[in-house]
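Following: one structure in structure tokens, then a few remarks.
The values are calculated or read from the model by the stated rules, or taken from the named source; none is laboratory data. These figures come from a predicted structure and were not determined experimentally. Here Cβ is always computed from backbone atoms with ideal geometry, including for glycine, and neighbour counts include all displayed protein chains. Surface areas here come from the heavy atoms of the whole protein model, side chains and all, with no ligands, DNA or RNA. Shrake-Rupley method; radii C 1.70, N 1.55, O 1.52, S 1.80 Å.
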Amino acid sequence: MAAGAVLGAAGADGTRVQTAPGGERPEAGAMEPAEGAGWAAAGTGRGSVAGRISGAGQLSRGPLLKKLSGQLGVSPSGRALLPGSWENADPQKTAFILRKQWTLYSVTPLYKFSSAHLKDYGRQLGAFIAAEKQKGLAVEVGVELGIKVAVSSLPDLRGSDQDHAAVLVQLSLKSSASRKKTEEKLVWSGWFCSVAGDDLSVNVLEDFTCLPLFLANGAESYTSLVGTWFQKTFDCCFRRLVISPLILTWMAALWTGYKVDKTSSAMELLFSVPCLPQPLDISYAIHTEDAKALWDAVQKTPGEITQEEVDVFMDCLYSHFHRHFKIHLSATKLVKVSTGIASAHCDGIIKFLQSQHLIRVLMLLTELAISQIQ
Amino acid sequence: MQRRQSSKHSKQPLRVHDSNQTDLSAWRKEGSINTEKTVQNQQSPSDDSKHNSLEQAVRFFEKVQDRVSLKKSEGLQKHLSTVESIGLERGLPPEVFDPLLTVALSGKLADTVNTRLLKSLVPASVIPESSVVSSVSWLCVSKCTSNVQLLFLRWLITMFDFIDRKEQLHALYGFFFSFIHDEKLCPYVCHLLYLLTKKENVKPFRVRRLLDLQAKTGMQPHLQALLSLYKVFRPELMSITLPGKMKTYFKNSEAPWKAAINAVRRRNQANSPISQALCLGTTQPQSRKRKWNAQLIIPASSANAQNLVGNSEKNSANDFFPVEQLQAFTQLVENIHCLEFPSQMGSVLTNPLLLHYMNCIKDESIYLRLYYWMGQTLQEECTWCVVENSQYEQEFKDFLEIIYKAECFLQEGFSSCEEFLCRSLPLWDGSCCRSQILRLMSWIPLSSFSEMKSHICDPLAQLFFTSSLYFKCSVLECLKELLQNWLNWHVVRLDSESDYQFRSLNTTLSGLVDGIAELIHFVGWISTVALRLENNCTFLLYFILDFYEIVCDMYLKYNLPLLIMPPAGVFYPALLSMDSVSLNQLCYIMYRYRTNLVAAKENELTKKKKQQFKFSSHTYQEYNQYIIAMVGCLWTSNVFQKDNHPQGVRLDDELLKKTGVQEFKNSFNIVYHPAMMGYAAHFLQQACPDDPTFNFSLIKGKKWNWYLDYLYAQGLEGLKLFVESSINRVSQASQNKARNVEV
């Protein structure tokens, strides 16, 4: 397929500018079909050493890209991956994860955590939440709706045998009218997981359990209660995990490259323009197939992705956009990436859309969490 | 009296600081007197004047008889704004509440004044119950307008917890209840009753009144709240069913005062670091701009919950001594076998007893737990790395201070702290939390220093060269502490290990020597540059020479086979300094170098076994070059000919003659040296009071000896030691100098 055709198709109905405070949306209909500049650039800048993803001024311990290349199917450390877990976690067991917004946290290793005591933990956490809710009330008034806590294990969600099985915490509201069990309403859920997190786990002692990634969905007051209890009980430390724009570009490129069974919605990049009196957001949507074709042309060596390739991929998108709207997206801040696989916001919020590539996405997130801990 | 006390107290932190490492009693004492101290510390002169103006204002309000117009009376304006500013800024003392409440509720003044008064009634400590009771009586006589009544009730609800006692207030339950029929006041009265209600207050007639009211006005949340509370106390009186739990029963009435209360609390607690730490533990998360878990809390020590509940394989829960009960050192000693660390290791930082315990227990998991917690907290709270954090600088400072104190206590650095310094130093502006950062730097362990050198030294050097003189001196001071800590650590290790083991670990010894040498060379380099940048400033030179006072004694005092001479860029400015203090310090340092080098040479000669570490001949050479220059300069007046240091002051006679100085040869000896000339002049004044010409050439022969004695008597101890050790005075110094000088 000709390069120009790809981009032209993308522009025909996929590209739009959106101003935040209800601005107009100029449809980018008329576009020149031939556009080769970006592609030429793609050819020249390849073959150099992979860069490192880590914030400026930080000591980066583990080269993140080692892992990223691993995601493409080549496991650099020769790690044995659980059969089947590589491509698909059991869709039924992971269904609850999909199409929900998860807030990301990094968690330092849990001290003296044991998966044999999950039930006990649930009970203790329930008691803790009940006690916290009563704090400050001299006398309890009215009918208190009880919170039921369930702590369980999710053995499917891990990359290899070295990873600890994920732990799911669910809070549900006991119905006040009837005491039937079926009437429980799930109000909050959160899970700890580690996918290929051995960078961290090899360094810690026996008493510690490494589940560096924590994802929460529900009211933050519950996150706070659950988190506080875990911090108190297992002497760990929760921190919000934000995603830098650089990592977002990696996500855009990586997820574009993943194969999907069914045709999914367009890839969408959301940019925010800094230093303006009024916020201005620019949304940039590209057809999935077009983005994939572009990425396939940029990405050469299978099993290895370089920072340069990601940059070229983004630069191509930027220059295409600039040609039509005369806006340099490289001068704005990338705040959100949505693809058919998942969508990620720089504030550290993620939404999984496909169980197919769940493990791979979690692997990247685990890696990010570990780099924040170390 | 108050002044004297406050000055006494202000010394206390200093003392505590000095004895960080061992003084346990100081910590305990400080904890107990802490509350008085905060109150007293606030009494600064400016506080006194404010106090006076507040007194005047209160007296003014007490005397007000008739309605005074706010616009016309300047006095009222002034006094009202005094009360407002003091109340909102630092809170009002208990004794002013009675007169001010009386004024506000007696209706003498306009409503605007009353409202402003009420809004500024924020307590610094407590509100006396009597003032509240008398204001309730004003409320009942209805002299004030309903708006003021309403505001007063809201004030009362907000300040409820600040009232010192509540017995009499409870006795007024019936009075408050009577206001329930006022439509406007009802919600607030219900809220107040909700706070006051005890079981004995729940009476059938009150229940009936409330139900009547509910029938009239419909289901009001405030009525429901009170009714459900009544039902809790006396379920037999209430047959009605109440709906389930509501989200909010009462409107938030604290808004006008909330910010002021927080500000006052924050301000009063800021004066004492300890209470600050305590308040950190109790502040509400919502007061922070960031999300959950983003505030700086050092956890309180509490027993490990896992041991108390549901731990089947360990039935030893009862055998553990709970950390909460650990109060005294004796308890620690008695229970050391059955003590367990708290559930959150971070809490040990503020608990010296647990730090003691930590010192005894060598368990890696302790350090790992602390490492994770501290590392995350430091990163999250760092005021210059995290953008919106700058307003919390004081909190962060206190936190760093606590870490530093714990490090002093344990006599070792925390690894998370090193990592933090590595990460954040390149971004540091050199001013934020300066003293804390520099002090933390002094605890970087030697082992990690070599690998972190580029992360620490490069940014530090950049800041050093571009910052003020004071910053330069602080950096030198901290590097001196760092060197001192390494040397102490080395000595302790030598003591604890036998000679044999030590030699088997000689690789680490060589690592140690290399590391220390690297640090000394670094300091030598930055010192040379700094002296040139700061025009050989005496103050700076003092800190540099202070550093070398440790360096020159490393062999004898710390048993470390390493001696490094200061670079010429430090030596010559000190030698030719305008200040006798620097010269004297240099003399002392050179004397110690000599003592160390002589001892090393002797050990080399006497000990048969091959020494693994020898001073390089270069060190001796350099020392000799310096000593020749020094003796030539101060004593034999031939420095311009004899100095053979490449960066020395050897100069051709021709060139020197061109300067036009007549006696150029001896212009730097102990008589003519610019640092010494003052002494020489004084000496001449005393020795030859009749000769007003200051003929310095008179100081020779016998007078030279007298002059020396005079200098020694002036406290130039370093010079004395130097002259007595390095100059042979029996024979003629100039002839035999070379032999004496060379070690």
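Taken over the stretch B:289-339, the criterion of being at pLDDT 80 or above, open to solvent by 40 Å² or more (accessible area, probe 1.4 Å) and in a loop (DSSP other than H, G, I, E, B) is satisfied by B:Gln327 alone.
Limited to the stretch A:88-114, what total is found for residues that are within 14 Å of chain B (Cβ to nearest Cβ) and open to solvent by 40 Å² or more (accessible area, probe 1.4 Å)? Qualifying residue count, the stretch A:88-114: 1. Checking each residue in the stretch B:80-98 for being open to solvent by 20 Å² or more (accessible area, probe 1.4 Å) and not hydroxyl-bearing (Ser, Thr, Tyr) picks out B:Glu84, B:Leu88, B:Glu89, B:Arg90, B:Pro93, B:Pro94, B:Glu95, B:Asp98.
If you go through the stretch A:229-288 and pick out every residue that is away from chain B (no Cβ under 14 Å), free of Cβ contacts under 8 Å to residues at least 24 places away in the same chain and not aliphatic (A, V, I, L, M), you end up with 4. Of all residues in the stretch B:405-459 being part of a loop (DSSP other than H, G, I, E, B) and within 14 Å of chain A (Cβ to nearest Cβ), which is most open to solvent (accessible area, probe 1.4 Å)? Among them, the one singled out is B:Asp429.
When every residue of the stretch B:376-389 is checked against the conditions, none turns out to be within 11 Å of another protein chain (Cβ to nearest Cβ), acidic (Asp, Glu), out of contact with any strand residue (DSSP E or B) (no Cβ under 9 Å at 6 or more places or on another chain) and open to solvent by 10 Å² or more (accessible area, probe 1.4 Å). Only a single item in (1) open to solvent by 50 Å² or more (accessible area, probe 1.4 Å); (2) modelled with pLDDT of 90 or more; (3) not in a helix (DSSP H, G or I) is not met by A:Ser265, and it is number (2). Here is the figure for the stretch A:323-358: residues that are within 23 Å of A:Pro279 (Cα to Cα) and in a loop (DSSP other than H, G, I, E, B) total 7. In the stretch A:293-305, the qualifying residues are those that are at pLDDT below 90 and out of contact with any helix residue (DSSP H, G or I) (no Cβ under 7 Å at 6 or more places or on another chain), and the one that is least open to solvent (accessible area, probe 1.4 Å) is A:Thr301. Residues in the stretch B:44-103 that are aromatic (Phe, Trp, Tyr) and within 21 Å of B:Ala259 (Cα to Cα): 1 in all. In a residue-by-residue description of the stretch B:245-254, the property of being modelled with pLDDT of 65 or more, assigned to a helix (DSSP H, G or I) and hydrophobic (A, V, I, L, M, F, W, C) applies to no position. B:Tyr372 passes every criterion in (1) assigned to a helix (DSSP H, G or I); (2) away from chain A (no Cβ under 11 Å); (3) more than 20 Å from B:Leu326 (Cβ to Cβ) apart from (2). For the stretch A:192-205, the condition of being within 14 Å of chain B (Cβ to nearest Cβ) and in contact with a Gly (Cβ under 7 Å, 6 or more places away or on another chain) holds for none of the residues. Residues that are open to solvent by 50 Å² or more (accessible area, probe 1.4 Å) and modelled with pLDDT under 85 within the stretch B:671-696 comprise B:Pro689, B:Asp690, B:Asp691, B:Pro692, B:Thr693, B:Phe694, B:Asn695, listed in sequence order. Out of the residues in the stretch B:633-670 meeting the condition of being free of Cβ contacts under 8 Å to residues at least 60 places away in the same chain and of a type in the set (Gly, Ala, Ser), tell me which one is most open to solvent (accessible area, probe 1.4 Å). Here the residue is B:Gly660.
Rundown of residues vs (1) of a type in the set (Phe, Trp, Tyr); (2) under 30 Å from A:Cys210 (Cα atoms), yes/no style:
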| residue | (1), (2) |
| --- | --- |
| A:Phe321 | yes, no |
| A:Phe325 | yes, no |
| A:Lys333 | no, no |
| A:Thr339 | no, yes |
| A:Ile349 | no, yes |
| A:Leu353 | no, yes |
| A:Met363 | no, yes |
| A:Ala369 | no, yes |
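Here is a yes/no grid of residues against (1) under 42 Å from the mean Cα position of the chain (by Cα); (2) among the hydroxyl-bearing types (Ser, Thr, Tyr):
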| site | (1), (2) |
| --- | --- |
| B:Leu88 | yes, no |
| B:Pro93 | yes, no |
| B:Val126 | yes, no |
| B:Val133 | no, no |
| B:Cys140 | no, no |
| B:Leu150 | no, no |
| B:Glu167 | no, no |
| B:Ser178 | no, yes |
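Here A:His320 meets each of (1) open to solvent by less than 50 Å² (accessible area, probe 1.4 Å); (2) in a strand (DSSP E or B) with one exception, condition (2).
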